[in-house]
Amino acid sequence: MRTRTSRLDLDEPVDTDLDALYAICSDPLSWTHFPSLRHTDPIATERMLRDWAEQWRRDGLGTWIVRERGSDAVSGYGGCSLRRNTFWNLGYRLHPDAQGKGYAAELSETAIESAYRTRGDVPVVAYLLEHNVASAKVAERAGLQLVARGPEIDNPNPNAIRLVYSDRPLSDDQLDSVLSA
């Protein structure tokens with residue numbers, strides 16, 4: 001299924017996207033804010049692609065493959081994925097050549113609208129590292145507000161701080177779910 005924005009084609013992922021996704025996921029320039037998550041083996045990307053297919057089947061929405069309108073080349077991926085049946089996680093990763101063009105903001109607005117249509121009762125959340133100023137600006141531009149700040153548990157950098165943005169106040173249980181995701 002394809003969703004379109006003014007400049008992007010957002011497609012449900014398919015197996016033939018694997019090589020292009022691995023190129024993005026293994027590129028150190030795509031992981032400057034969290035290098036330890038970079039894929040070093042295509043099996044990790046294949047697993048991620050299978051997880052996305054399951055999200056779409058189960059939840060009716062998930063991560064899209066991002067292409068510039070009319071292009072077959074993969075520019076990145078992103079969207080809203082339902083986590084723990086508790087919150088929509090807004091996330092994205094763009095090829096370095098696609099960064100700085102406003103695609104993240106365009107994708108985020110469409111993803112949030114789609115999440116509201118699919119399950120508007122669930123909050124939309126973006127969690128990110130504090131030093132990732134560009135992603136914080138995208139979250140704020142999309143209408144999310146900072147609701148929490150705390151240590152990033154799974155980061156090898158002991159000084160890493162996680163910021164949590166949300167479209168609404170979160171209950172303690174919801175916030176715990178986000179912080180442990």
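Since every read-out is calculated from the coordinates, none of them should be taken as a lab result. In this text the structure is predicted, and so the values were computed from the model without any measurement. Methodologically, a virtual Cβ is constructed for each residue, glycine included, from the backbone with ideal geometry; neighbour enumeration extends over all protein chains shown.
Work out, step by step, the length gained on full extension between Thr40 and Arg84: first 0.36 nm times the residue separation, then minus their alpha carbon distance; give nm to one decimal.
Details: separation 44, 0.36 × 44 = 15.84 nm, distance 2.68 nm.
That works out to 13.2 nm of additional length.
When a/c reaches 1.5 or more, the comparison of a/b and b/c decides; with that in mind, is segment 83-181 rounded, prolate or oblate per its Cα gyration tensor?
Working: a/c = 1.86, a/b = 1.04, b/c = 1.79.
In terms of gyration-tensor shape, oblate.
Using the Cα atoms of segment 1-104, I'd like the radius of gyration and the largest Cα-Cα distance, Dmax, both in angstrom.
13.1, 35
Just grab the label-to-label distance for Lys101 and Arg50, each label 7 Å out from Cα along the Cβ direction, in nm (one decimal).
So the label points at Lys101 and Arg50 sit 3.2 nm apart.
Who wins for biggest fluctuation among Ser75, Ser30, Ser171 in a Gaussian network model of the chain, springs between alpha carbons below 10 Å?
Ser171
Treat the chain as a sphere of radius equal to its Kirkwood radius over Cα pairs and apply Stokes-Einstein at 37 °C in a medium of 0.692 mPa s; give the translational diffusion coefficient in µm²/s, rounded to a whole number.
Values: Rh = 16.5 Å.
The diffusion coefficient I find is 199 µm²/s.
Determine, from the Cβ-Cβ distance of His131 and Arg57 and an R0 of 41 Å, the FRET efficiency 1/(1 + (r/R0)^6), rounded to the nearest 0.05.
Values: r = 35 Å, r/R0 = 0.86.
With R0 = 41 Å, the Cβ-Cβ based efficiency is 0.70.
Do the sum for the chain: with -39,500 (n - 2.57) for every DSSP H run of n ≥ 4, divided by all residues, what is the mean residue ellipticity at 222 nm, to the nearest 500 deg cm²/dmol?
Working: 5 runs with 60 residues, N = 181.
Dividing the helical sum by the residues of the chain leaves -10500 deg cm²/dmol.
State, as an integer percentage, the relative contact order of the chain based on alpha-carbon contacts under 8 Å between residues 6 or more apart.
Numbers: 305 pairs, mean separation 31.1, N = 181.
Normalised by residue count, the contact order of the chain is 17 percent.
Between Gly91, Gly143, Gly76, where does the largest GNM mean-square fluctuation fall for the chain, given springs only between Cα atoms within less than 10 Å?
For the chain, modelled as a Gaussian network with Cα springs under 10 Å, the answer is Gly143.
In nm, to one decimal, how far is the Asp121 label point from the Ala160 one, both placed 7 Å along Cα→Cβ?
Between Asp121 and Ala160, the label points sit 3.4 nm apart.
Whole-Hz ³J(HN,Hα) for each residue in segment 159-170, computed from phi via Karplus 6.51 cos²θ - 1.76 cosθ + 1.60 with θ = phi - 60°, x for glycine and proline: what do you get?
Values per residue, Gly and Pro as x: 9, 5, 10, 9, 9, 10, 10, 8, 7, 7, x, 9 Hz.
Using the alpha-carbon centroid of each, what span in Å lies between segment 1-28 and segment 106-134?
Taking the Cα centre of each part, segment 1-28 and segment 106-134 sit 18 Å apart.
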